[in-house]
Amino acid sequence: MPYHLVKEYSGWHSRKVVDFFVGFSKVVMRRYQHKMKYWMTFNEINNQHNWQHPLFGYFCPGVIFTEHEKPEETMYQVMHHQFVTSAKLVRLGHARHQSQFSDWLYDRHATDLSLFLPPGRRDAGAEGDASALCLQRRADARRLLSLHAERVGYQIQMEADDAETLRNGCADYVGFSYYTV
């Protein structure tokens, strides 16, 4: 995240960063379209779910969540903006470059997406990780994040066409890293 975008726009908390990143990505995609078949829009995006630790907020979204009045709500807003950005880039990439896109590189040691499922639908251990990856691939993770945010009373700002953008910009594959201790 460029420091100017952090200071001027509060990183991914600002909707304007969506357009900045799409513009930047268009240049990169045009430049490397003949060299790249697989693209990842974000690296380890799920790390920011750990909003209590400033490193994880600053690392990907350029936001120190604990500096906001409602840090967890801010995290959900940031993730929404990143999901919308990724969906826009998936659609753009498919239309222009016929490439394969991933929403993010999934970090196994970060919070499991299955935590957003209602308690009765959570799986344990590796099955939970597999469920989370499956959810992410089918774009259900976006819906689950929104449902979780609603369940806890957060107000996520969305534009009129966001739901359609998210629905039509589903990733082609899921990448993940698995760090051993």
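Just so it is clear, none of the values below were taken in a lab; they were calculated from the coordinates. Small disclaimer: the values here were computed from a predicted structure and weren't measured. When we count neighbours, we look across all protein chains shown, and the Cβ atoms used for this are built from the backbone with ideal geometry, even at glycine.
Distance check, please: which entries in Lys35/Lys88; Lys26/Lys70; Lys16/Lys88; Lys7/Lys70 exceed 24 angstrom between their Cα atoms?
Numbers: Lys35/Lys88 21 Å; Lys26/Lys70 33 Å; Lys16/Lys88 14 Å; Lys7/Lys70 19 Å.
From the list (Lys35/Lys88; Lys26/Lys70; Lys16/Lys88; Lys7/Lys70), the Cα-Cα distance tops 24 Å for Lys26/Lys70.
Subtracting the Cα-Cα distance from 0.36 nm times the residue separation, let me have the gained length for Glu8 to Phe20 in nm, one decimal.
So the chain would gain 3.1 nm between Glu8 and Phe20.
Across the stretch 9-17, in residue order, what do the Karplus-derived ³J(HN,Hα) couplings come to in whole Hz, using 6.51 cos²θ - 1.76 cosθ + 1.60 with θ = phi - 60° and x for Gly and Pro?
Working through the residues one at a time gives 10, 6, x, 5, 5, 8, 5, 4, 5 Hz.
With the crude spin-label approximation of a point 7 Å out along Cα→Cβ, what separation in nm comes out for Glu67 versus Arg30?
3.3
What is the set of long-range amide H partners of Asn43 at a cut-off below 5 Å, with H atoms built 1.01 Å from backbone N?
Leu105
Which FRET efficiency value, to the nearest 0.05, do you get for Gln155 and Ser177 by plugging their Cβ-Cβ distance into 1/(1 + (r/R0)^6) with R0 = 45 Å? Don't jump to the answer; show the numbers that get you there.
Working: r = 33 Å, r/R0 = 0.73.
For R0 = 45 Å, the calculated efficiency reads 0.85.
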